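The values are calculated or read from the model by the stated rules, or taken from the named source; none is laboratory data. Here the structure is a predicted model, which is why all the values come from computation and not from measurement. Heads up, the Cβs are rebuilt from the backbone with ideal geometry, glycines too, and the neighbour counts pull from every protein chain shown. Accessible surface areas use protein heavy atoms only, side chains included; no ligands, DNA or RNA. Shrake-Rupley method; radii C 1.70, N 1.55, O 1.52, S 1.80 Å.
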Amino acid sequence: MITPQDIIRQVERNRDEVLRCLVEALRAPSPTGSELPMARVVGRWLDTLGIDVDTRVYMADRPNYIARWQGSRPGKTFLFNGHMDVFPATESDDPDYDPWSGEIRDGCVYGRGASDMKSGDCAALMAVKLLKDMGFDPKGTVVLNYVSDEESGGQYGILSLLEEDLIHADFGISMEPSSPDEHTTDMLVGHGGVYPCRVTVYGDGGHAAKDISPDDPDNRYGGEDAIAKGMKAVAALQALAREVNARPADDLGKAHLAVTKFHAGTAVNNYPRRAEICVDRRYITGESPASVDAEIIAALEAVKAEDPAFAYSFQGPCEPDTPIYRVDESSPVVAAIDESCRELLGRTPRHFTKIGGCDVAYIKRAVGGDYPWFGPGTSRIACADERVSIENYLNCIKVYMYTLVKLMS
């Protein structure tokens, strides 16, 4: 039986290799829609494992991997699920700032995606590699699943894999960041729902050198362009946001609504006839996509009551929406992570929930099982100094390894 001391020694002996894996990943730009550089890095490292790798592509240059480490004995299936896409790089006034540097400094590794979630991706891969090098033979199958398109809802990633019935598991881990600080990693056991939606508002147009003419046969919205109409819609949605965001929290956190995008116009010298407004809505227990739709439509109908020439269309969701997700805290995988942390790190991780979302909510809905978030990296993501501490990164590799030993021996 592999002991905690065996695992600690194995990780420390291979410290340079596990850091090189992460640095290579961070030096590969992979904003959503352009995952190929990161996918190439992941593919090269998967090749070193000597296990079966199934590659699926649902949009050109956006691969998804399902790598299976099959043991010699039948048993359950353990799934590591992670995404390869990251948020776009953040601009910075610092001339030395490089979002794709992979710089190691002050006990941390820096770069876009360091927390969300390239460090988790690399930690799972290295956990499998180091256990395999130690001669561990899992009872069952360990799956490394790396997808594209997570940040935009998963249509070209996990949702298509599930639609093709390619993902099966009994339990596993989402390597999403769950560390409150640079020295500690906790466990997320639930999150709220994520519901993106879009409002399209219509207005009158014409040349910007003169006022809009309500008498123009092409105009039928009261002589106001789509920006003027859209501002009324935004004001109503922001009023709704203030009401939603003031509601009390439940065990999953606080409901939240934000107007996140406003786009109108095609030329500087023409009034726009169409404006698109995007809304990000995070919902909690007692709410649903249907109730979110109803609230937004009611706010827009109130605008229409004051302005009979106000016209709009509503699309909800405008991207795949993530359902509310809860982990059974009495499940074997939660117990194994807790025990591994106690034996390796001397502490039991705090169990917490938050408003958020990730692919394992789709996986649980489709195939069942529990997949708590346990990963290196903090909530400081999509910022100029995104980083992960080396301590947390190495500790997660150790915990992943020992969790597999406990569940798959």
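Looking for whichever is in contact with a Phe, Trp or Tyr (Cβ under 7 Å, 6 or more places away or on another chain), at pLDDT 95 or above and closer than 22 Å to Pro177 by Cα here; the options are Ser330, Ser340. Which one fits? Exactly one of Ser330, Ser340 is in contact with a Phe, Trp or Tyr (Cβ under 7 Å, 6 or more places away or on another chain), at pLDDT 95 or above and closer than 22 Å to Pro177 by Cα, namely Ser340.
Quick check on Ala228: is it open to solvent by less than 60 Å² (accessible area, probe 1.4 Å), at pLDDT 95 or above, more than 24 Å from Ala309 (Cβ to Cβ) and not in a strand (DSSP E or B)? Give the derivation first.
On the way: open to solvent by less than 60 Å² (accessible area, probe 1.4 Å): yes; at pLDDT 95 or above: yes; more than 24 Å from Ala309 (Cβ to Cβ): no; not in a strand (DSSP E or B): yes.
Considered against the rule, which asks whether it is open to solvent by less than 60 Å² (accessible area, probe 1.4 Å), at pLDDT 95 or above, more than 24 Å from Ala309 (Cβ to Cβ) and not in a strand (DSSP E or B), Ala228 comes out as no.
Filter the stretch 209-221 down to residues that are in contact (Cβ under 8 Å) with a residue 24 or more places away in the chain and open to solvent by 60 Å² or more (accessible area, probe 1.4 Å) and give me whichever is nearest to Lys261 (Cα to Cα). Can you show your working first?
Kept after step one, since they are in contact (Cβ under 8 Å) with a residue 24 or more places away in the chain, are these residues of the stretch 209-221: 209, 212, 220-221.
From what's left, open to solvent by 60 Å² or more (accessible area, probe 1.4 Å): 209, 220.
Numbers: Ala209: 27, Arg220: 25 Å.
Within the stretch 209-221, the match that is nearest to Lys261 (Cα to Cα) is Arg220.
In the stretch 177-205, how many are more than 30 Å from Leu344 (Cα to Cα) and open to solvent by 30 Å² or more (accessible area, probe 1.4 Å)?
Just the residues of the stretch 177-205 that are more than 30 Å from Leu344 (Cα to Cα), to begin with: 192-205.
Next cut, open to solvent by 30 Å² or more (accessible area, probe 1.4 Å) only: 198, 202.
Qualifying residue count for the region: 2.
The requirement of being farther than 23 Å from Leu237 by Cβ, touching a residue at least 24 places away in the same chain (Cβ under 8 Å) and touching an Asp or Glu at 6+ places or on another chain (Cβ under 6 Å) is fulfilled nowhere in the stretch 301-322; no residue meets it. Could you check, for the stretch 17-33, whether at least one of its residues is touching a strand residue (DSSP E or B) at 6+ places or on another chain (Cβ under 6 Å), at pLDDT 95 or above and open to solvent by less than 20 Å² (accessible area, probe 1.4 Å)? Yes, the stretch 17-33 contains a residue that is touching a strand residue (DSSP E or B) at 6+ places or on another chain (Cβ under 6 Å), at pLDDT 95 or above and open to solvent by less than 20 Å² (accessible area, probe 1.4 Å). Scanning the stretch 35-84 for residues that are part of a loop (DSSP other than H, G, I, E, B), more than 17 Å from Ile363 (Cβ to Cβ) and not hydrophobic (A, V, I, L, M, F, W, C) yields Glu35, Thr48, Gly50, Asp61, Arg62, Gly71, Ser72.
Taken together, Val279, Val292 contain a single residue that is touching a strand residue (DSSP E or B) at 6+ places or on another chain (Cβ under 9 Å), of a type in the set (A, V, I, L, M, F, W, C) and either in a helix (DSSP H, G or I) or without any contact (Cβ under 8 Å) to a residue 12 or more places away in the chain (or both), which is Val292.
Starting from residues that are free of Cβ contacts under 8 Å to residues at least 60 places away in the same chain and either touching a strand residue (DSSP E or B) at 6+ places or on another chain (Cβ under 9 Å) or within 16 Å of Lys364 (Cα to Cα) (or both), keep the ones in the stretch 125-176 and report whichever is surrounded by the most Cβ atoms within 10 Å (Cβ to Cβ). Can you show your working first?
Taking the stretch 125-176 first, the residues free of Cβ contacts under 8 Å to residues at least 60 places away in the same chain are 135, 163, 165.
Cutting the leftovers down to either touching a strand residue (DSSP E or B) at 6+ places or on another chain (Cβ under 9 Å) or within 16 Å of Lys364 (Cα to Cα) (or both) gives us 163, 165.
Numbers: Glu163: 12, Asp165: 9.
Only one residue fits best here, namely Glu163.
Examine the stretch 171-182 for a residue that is closer than 19 Å to Arg44 by Cα, among the hydroxyl-bearing types (Ser, Thr, Tyr), assigned to a loop (DSSP other than H, G, I, E, B) and modelled with pLDDT of 95 or more, and state whether such a residue exists.
We begin by selecting, within the stretch 171-182, every residue closer than 19 Å to Arg44 by Cα; these are none.
Looking through the stretch 171-182, none of the residues is closer than 19 Å to Arg44 by Cα, among the hydroxyl-bearing types (Ser, Thr, Tyr), assigned to a loop (DSSP other than H, G, I, E, B) and modelled with pLDDT of 95 or more.
Pairs linking a residue in the stretch 344-362 that is without any contact (Cβ under 8 Å) to a residue 24 or more places away in the chain to a residue that is open to solvent by 40 Å² or more (accessible area, probe 1.4 Å) and of a type outside the set (Val, Ile, Thr), with Cβ atoms under 8 Å and 6 or more positions apart or on different chains, are Thr348/Arg342. Exactly one residue out of Tyr65, Tyr110, Tyr97 is under 23 Å from Gly153 (Cβ atoms), touching a residue at least 60 places away in the same chain (Cβ under 8 Å) and not hydrophobic (A, V, I, L, M, F, W, C), and it is Tyr65.
I'm trying to understand the selection: among the residues of the stretch 251-275, which are more than 24 Å from the chain's Cα centre (by Cα), closer than 17 Å to Gln315 by Cβ and buried (at least 17 other Cβ atoms within 10 Å of the Cβ)? Don't jump to the end; show me each part of the working.
Applying the first criterion (more than 24 Å from the chain's Cα centre (by Cα)) to the stretch 251-275 yields 263-275.
Going one step further and asking which of them are closer than 17 Å to Gln315 by Cβ, we end up with 263-264, 274-275.
Within the stretch 251-275, Ala264, Arg274, Ala275 qualify.
Taking strands (runs of 3 or more DSSP E) as the structural unit, those lying wholly within the stretch 297-409 and holding at least 1 residues that are surrounded by 16 or more Cβ atoms within 10 Å (Cβ to Cβ) and within 18 Å of the chain's Cα centre (by Cα) correspond to 351-354, 387-389.
Return the residues of the stretch 39-95 that are open to solvent by 80 Å² or more (accessible area, probe 1.4 Å) and either touching a Cys at 6+ places or on another chain (Cβ under 9 Å) or within 16 Å of Leu404 (Cβ to Cβ) (or both); say none if nothing qualifies. Gln70, Ser72, Arg73, Lys76, listed by residue number.
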